[in-house]
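The values are calculated or read from the model by the stated rules, or taken from the named source; none is laboratory data. Everything quoted here is computed from the prediction, not taken from an experiment. Cβ placement follows ideal geometry from the backbone for every residue including glycine, while neighbour counts extend to all protein chains displayed. In case anyone asks, the SASA skips ligands and DNA or RNA and just uses the protein heavy atoms, side chains included. Shrake-Rupley method; radii C 1.70, N 1.55, O 1.52, S 1.80 Å.
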Amino acid sequence: ACGGNEEGTTNEGSNQTEEKKVIRAGATGVSYPNSYKENDKLIGFDVEVLEIAAANLGYEVQWVNSDFSGLLGQLETGKIDTIANAVAVTEERKGKYDFADPYSYLGITIVTHEENDQINSLEDLKGKTVSGVLGSNNVKNLEAYDKNGEIGIRTYETRDGAMNDAINKRVDGYVNSKPALLAEINKGNLPLKFVGDPFVYEAVAFPFVKGTNEELREALSAEVQKLHEDGTITELSIKYFGEDVSKKD
Amino acid sequence: MIKVNQLKKSFNDLEVLKDINFEVKRGEVLSIIGPSGSGKSTLLRCLNFLETPNAGTITIDGLTVDVENVKKQDIQQLRKKSAMVFQNYNLFKNKTALQNVTELLIVTKKMPKAEAEKIGMEYLAQVGLADKANKYPVTLSGGQQQRVSIARALALNPSVILFDEPTSSLDPELVSEVLQVIKQISTKDTTMIIVTHEMDFAREVSDNVIFMADGYIVEEGHPSQLFGNPQQARTKSFIQQLNEKH
Amino acid sequence: MIKVNQLKKSFNDLEVLKDINFEVKRGEVLSIIGPSGSGKSTLLRCLNFLETPNAGTITIDGLTVDVENVKKQDIQQLRKKSAMVFQNYNLFKNKTALQNVTELLIVTKKMPKAEAEKIGMEYLAQVGLADKANKYPVTLSGGQQQRVSIARALALNPSVILFDEPTSSLDPELVSEVLQVIKQISTKDTTMIIVTHEMDFAREVSDNVIFMADGYIVEEGHPSQLFGNPQQARTKSFIQQLNEKH
Amino acid sequence: MNFDIGYMFSLIPEIMEYIPITLFMAILAMILTIIIGLLLTFMRSSKLKVLNYIATVYISFFRAIPMLVQLFLIYYGLPQLFPVFTKMDAVTAAVIGFGFKQAAFASEIFRAAFLSVDKGQMEACLAGGMTKVQAYQRVIIPQAFRNALPATGNTFISLIKETSLAFTLGVVELFAEAKMQASNTLRFFEAYLAVALVYWAIVVIYSFLQSKLERLLEKPYRT
Amino acid sequence: MNFDIGYMFSLIPEIMEYIPITLFMAILAMILTIIIGLLLTFMRSSKLKVLNYIATVYISFFRAIPMLVQLFLIYYGLPQLFPVFTKMDAVTAAVIGFGFKQAAFASEIFRAAFLSVDKGQMEACLAGGMTKVQAYQRVIIPQAFRNALPATGNTFISLIKETSLAFTLGVVELFAEAKMQASNTLRFFEAYLAVALVYWAIVVIYSFLQSKLERLLEKPYRT
Ligand SMILES: Nc1ncnc2c1ncn2[C@@H]1O[C@H](COP(=O)(O)OP(=O)(O)OP(=O)(O)O)[C@@H](O)[C@H]1O
Ligand SMILES: Nc1ncnc2c1ncn2[C@@H]1O[C@H](COP(=O)(O)OP(=O)(O)OP(=O)(O)O)[C@@H](O)[C@H]1O
Ligand SMILES: [Mg+2]
Ligand SMILES: [Mg+2]
């Protein structure tokens, strides 16, 4: 039971023509380039993927902006149907949510200051400190990768903190998804460079509370497949990230 | 009019009032004298329950309360029958001299503001402060504050007025003025209890004088009797000191 | 010892002291009398710069200050030469009776605590309050508070003591005790200025009496002269009121 | 650092559009704060042990719980326990959350303010025949107000900024707007400074009004 | 909702490990707050117009700027202007930020507290030969303290929770730890409640100590 039918409560008891079904979706609005504001409009890769998919299915998207924990609260209490904000699919999360089919894949990687010539591979990070952002799941992945705990990890509330400490050389590296990093570096002309290739890839999808919105989720899965096939997602990906993140390499 | 029976009051271990009994008839003036710390202020404060006594009964103007079983309404009633002039004035700090006098009239007597102000100005004039009506307490001298507090009590026109050293910071000119006012009121049927150190004042206004010491009423009598021919040794020595002074 | 010259003080529009001149010799006692609101307290407060006068010079114990060009250190010096007993006591509310007396000794005289307490207890005993040494001001009666404040000033043993109505809430027994204490001190060479409404008291202790009214010193003289045979009309009527009272 | 001052100023008008929602929440919450805060203060000085106890627990609880957590629980937790709360919108939830919390802090401020009023003032009221309620209304609260105003002003200013937490409920006010704008350009310094300037203007105006009020309240105490 | 109470309790010991860093920052910041707060209060009542003016601007600025923005500017902004600040670690930056800001609020509290002390007290000190400094030390501050304590307690409790903003600078304290735990499992309700319980325990203990102190300070005023 998605929120769409509630629109009908305003009718005059006549008919159901022109009734638009609605998906209520959340995005932080502060996750460039996944969801952010330009002038007064919410845009971004994840935002556009959902809007296009929804439009094709005859839905209109109603956006709610909140911080990440707020979005999860809204999702859990049924105030929104799903989240379009680079939510990574993990085993733990699958216990709580059902995901639609993935619409992108994030390669998790590390950058360092461009003046740093000692760190050229992930191996060189041993004994060094890397910054990362809470809730992004990147930190979790780095911990999993760094089985012996040889890399020091500092977690930050928000991306600006983690990024700025890398720029100020207070940490030796900064972990995030490659597309996000690319976009950040290009946009802000940041003095950061990549350290090797991504060490892990993660699927990104729209989460739904278990047992709700089954139909919508399945319809979205099918639609995402279509958009993969007709190249729409690849196109959006290049527009926002400068490279194709629509599939696992 | 006022009857106090077996009144007792302690502060923790300190028994201040041990067994106080006295009576004042309508329209009479009772003066209370006694050494510093003998409980004179405490006695006045017990009469309107600013201090809760430990035992005894208090009757004012037909209303008798047993202090151990007193109801809220009774306290409220007692308080409405009396007005008090405090030893340290207790003027309302955020109100002008005039507002200090009118405030209680407006709030407790539901008097229209204009009428209260008319009465207020009359009483301020009576204590010689008409020109200070719009001044706040901090800018008044000690004697001026005391006079405002006297005007505040008089304006209420209650059945009983309790004075705690009303003339202590008044100069002689004013003492006689205030005395006039008090006399004038006592011809109406306002009853008064006055704690004072000024024997001359007490002699002049009172129908009766009580000498308190060590928590008891040591002696009671007409002023001429008590001052002129005290019976108890404790009273004698107190009065003697007083006369030596002169 | 003390010399005041052309002292002026206004509060905004209100000229309280218009032109005050007087002198007190070492060891002498000067009483100031006058109607309520005539500026007696203000005059005392100007002497130790609790109020800043508008013009004039003040000399205390060899130190002369022109009030219009006074330096911070001069004020500090003046204050160290004098002690003050306030009309409303102003006891340190967070300190016991004993601490009220010792505080200034410890802080301004750098006296060891034990010595200060010994002296403190002596003076408390002198004003009859040895048993209240560890009580806080709120639990003291009006007269008790006043006595503590007198003990506090006496203990400082300064060259000048300024009293603002020191006996106003004391009973006659105590007045004579305090009078003893004051007399005893005045035999040392402590100079004293006493604002008072108690003519008998003034008559007994003073070497000189000043009558103030309307911002001026109207008359000055030996008590027997000023009380017995006042020269000015204003003084006469004041003294007359006083005598009528008796 | 390449600080783009032009960009900073260009953000200010966009941010300012959100001043009404910010002030709306802050003012409503402040009203709630004062009402509940006074109530708590009276409960704590009540002779009824139960009231006293309830107030004490309320105060310790609402002073302890982080605002974010409280908002989260009110808006997302309550509807799960009591479905009727689903109807509550985010702004309402935020205002209630802010008000309930700040009331706990305010009651401490009020308590100190009442203590600062000389006991003799209450005695003069009672002896004059006023009820306690009248005494509070006419004499005690006006005097306590002077003492409470500076710290209450602190509370209001904190509230103005605290409303930004309503973002966790999906309410976009001026701080959230600035963050979203900044994420587009990654110019966090500029956005943050723009926000700070807007808040500063609000605080300066408020402080000016408060100081006017203080001057009025000081009048009886000026010599 | 499937609320996992077992998970909530399992989080508590993990969160509690971060109590020391939280208290460390809060206590240091509180000390700074009191020192600077007093300084500002004296500056504002100073006869020197300059001091007065500086204090006024300081207070309005630090009351206005959101804590997050301030921390950001100190920790990330300063090093760009003055490279030497790169050496400053995050905890130091946070403590300085908290202290500087809360001092502005505290100075308002202290101002009201000083006003609540009867003027006669200062006069008795001065007339007795004390200097103003001695008078403040021995008589005025002890009396003002009683009035300032409840609102200062508010400040300290706010500080304890505010330290969680240091997470912006990469300092993990108890709230951040809980968020990190929650972001793994997405069990925010459980994590938030666990955090609230830990804060509650801290606040209850602190409030108990404060009430002891209050009883001591009340002694001279009890009849
Ligand atoms: N701070 C002040 N601001 C304005 N006016 C004041 C102030 N202090 C005193 N006054 C006024 O100055 C006059 C003199 O006051 P002062 O206290 O010196 O009188 P006094 O002679 O001591 O009177 P009393 O015998 O009643 O104590 C009074 O009219 C009083 O109202
Ligand atoms: N609130 C209180 N707590 C403890 N003791 C008190 C309190 N109030 C008064 N006392 C004590 O009770 C005794 C009587 O005080 P009270 O004020 O009644 O004396 P008084 O006769 O009015 O004296 P004075 O003439 O000095 O005003 C004193 O010893 C005083 O110290
Ligand atoms: Mg008394
Ligand atoms: Mg005077």
* Asked: Accessible area per residue of chain C at 1.4 Å probe, in Å²?
  -> 38
* Local charge sum around B:PHE92 (other residues, Cβ-Cβ under 11 Å, Lys/Arg +1, Asp/Glu -1)? -> +2
* To do: Place the label 7 angstrom along Cα→C-beta at B:GLU122 and in each other copy, then list the distances from the first to the rest in nm, shortest first.
  => 5.8
* **C:ASN21/B:ALA130 FRET efficiency (R0 25 Å; Cβ-Cβ; nearest 0.05)** => 0.20
* Per 10 Å bin, what percent of the C-alpha pairs of the protein assembly as shown does each bin hold, from zero upward? -> 2, 9, 15, 18, 15, 11, 10, 8, 7, 4, 2, 0, 0
* Asked: Hey, what D do you get for segment E:166-223 in µm²/s if you plug the Kirkwood alpha-carbon radius into Stokes-Einstein at 20 °C and 1.002 mPa s?
  -> 155
* Can you list the residues of segment B:156-172 that have at least 40 square angstrom less accessible area with all protein chains present than in their chain by itself, probe 1.4 Å? -> B:SER168, B:SER169, B:ASP171, B:PRO172
* Using the Cα centre as the reference, give the magnitude of the dipole from point charges on the C-beta atoms of the protein assembly as shown (Lys, Arg: +1; Asp, Glu: -1; all else neutral), rounded to the nearest 20 debye. => 4120
* Structure fact -> Classified through the alpha carbon gyration tensor (a ≥ b ≥ c as square roots of its eigenvalues; rounded if a/c is under 1.5, else prolate when a/b is larger than b/c, else oblate), chain B comes out oblate
* Asked: How many nanometers, to one decimal and shortest first, lie between the label point of B:ASP61 and those of its other copies, if labels sit 7 Å from Cα toward Cβ?
  -> 5.5
* Set the Förster distance to 30 Å, then compute FRET efficiency between B:ASP66 and D:VAL133 from the Cβ-Cβ distance, nearest 0.05. => 0.70
* Asked: Rounded to the nearest 20 Debye, what is the dipole magnitude of chain B about its Cα centre when Lys and Arg each give +1 and Asp and Glu each give -1 at the C-beta?
  -> 800
* Compare D:ILE27, D:ILE36 by solvent-accessible area with a 1.4 Å probe and give them largest first, with all protein chains kept in place. => D:ILE27, D:ILE36
* Asked: What nm distance separates the two modelled labels at C:ASP214 and A:GLU60, each placed 7 Å from Cα along Cα→Cβ?
  -> 8.8
* Asked: So for chain A, taking the charge dipole from beta-carbon charges (+1 Lys/Arg, -1 Asp/Glu), which of A:GLN74, A:PRO198, A:TYR145 sits furthest toward the positive end?
  -> A:TYR145
* Asked: Mind listing which chymotrypsin sites (Phe, Trp or Tyr not before Pro) in segment D:70-162 are in a DSSP loop and have 14 or fewer other Cβ atoms within 10 Å?
  -> none
* Under 11 Å from the Cβ of A:ASN85, count the other residues' Cβ atoms, weight Lys and Arg +1, Asp and Glu -1, and hand me the total. => -2
* Among E:PHE85, E:VAL198, E:PHE105, flag the residue with its Cα farthest along the positive direction of the charge dipole of segment E:7-221, charges on Cβ as +1 for Lys/Arg and -1 for Asp/Glu. => E:PHE105
* **Computed magnitude of the charge dipole of segment E:7-221 (debye, nearest 20; Cβ of K, R +1, Cβ of D, E -1)** => 840
* Assign one of three labels to chain E, namely rounded, prolate or oblate, based on the Cα gyration tensor with a ≥ b ≥ c the square roots of its eigenvalues; rounded applies when a/c is under 1.5, prolate when it is not and a/b is larger than b/c, and oblate otherwise. => oblate
* To the nearest 100 Å², how much accessible surface do chains A and D hide from each other in total, with a 1.4 Å probe? -> 2100
* Asked: So what is the relative contact order of segment C:91-157, in percent, for Cα pairs below 8 Å that sit 6 or more residues apart?
  -> 47
* Asked: Normalised by the number of residues in segment C:157-246, what is the relative contact order in percent for Cα pairs under 8 Å and 6+ residues apart?
  -> 23
* Mind listing the Cα extents of segment C:91-157 along all three principal axes, in Å, largest one first? -> 30, 23, 17
* Asked: So between B:ASP207 and B:ASN54, what do we pick up on full extension, going 0.36 nm a residue minus the alpha carbon distance?
  -> 52.2 nm
* Asked: Taking springs between alpha-carbon atoms closer than 10 angstrom, which of A:GLU184, A:GLU229, A:GLU51 fluctuates most in the Gaussian network model of chain A?
  -> A:GLU229
* Structure fact -> 1/(1 + (r/R0)^6) with r = Cβ-Cβ of B:HIS222 and B:GLN76, R0 = 35 Å, i.e. FRET efficiency to nearest 0.05, evaluates to 0.50
* How about C:LYS183: which aspartates and glutamates have a C-alpha closer than 14 Å to its C-alpha, ignoring those fewer than 8 places off in the same chain? -> C:GLU28, C:GLU204, C:ASP207
* **Interface burial for B against D (accessible surface, 1.4 Å probe, total of both chains, Å², rounded to 100)** => 2100
* Considering only protein heavy atoms, what is the solvent-accessible area of C:TYR123 at a probe of 1.4 Å, reported in Å² to the nearest 10? -> 30
* To do: Using a 1.4 Å probe over the heavy atoms of the protein chains, calculate the carbon and sulfur portion of the accessible area of the protein assembly as shown as a whole percent.
  => 54
* Solvent-accessible area per residue, Å², over chain A with all protein chains present [probe radius 1.4 Å] -> 42
* **segment B:164-207 and segment E:46-75: distance between their alpha carbon centers, rounded to Å** => 59
* To do: Using DSSP to define loop residues, name the trypsin sites (Lys or Arg not before Pro) in segment E:119-223 whose beta-carbon has at most 16 other beta-carbon atoms within 10 Å.
  => E:ARG222
* Structure fact -> With B:ALA233 itself left out, Lys, Arg at +1 and Asp, Glu at -1 over residues whose Cβ is under 15 Å from its Cβ give -1
* List the relative contact order of chain C as a percent without decimals, with contacts defined as Cα pairs under 8 Å and 6+ residues apart. => 26
* Asked: How many nm separate the modelled label positions at A:ALA222 and D:ILE31, each set 7 Å beyond the Cα in the direction of the Cβ?
  -> 5.2
* To do: Output the pairs from C:LYS71/E:LYS119; C:LYS40/C:LYS93; C:LYS25/C:LYS72; C:LYS9/E:LYS219; B:LYS93/C:LYS95; B:LYS8/D:LYS49 with a Cα-Cα distance over 32 Å in this structure; if there are none, say none.
  => C:LYS9/E:LYS219
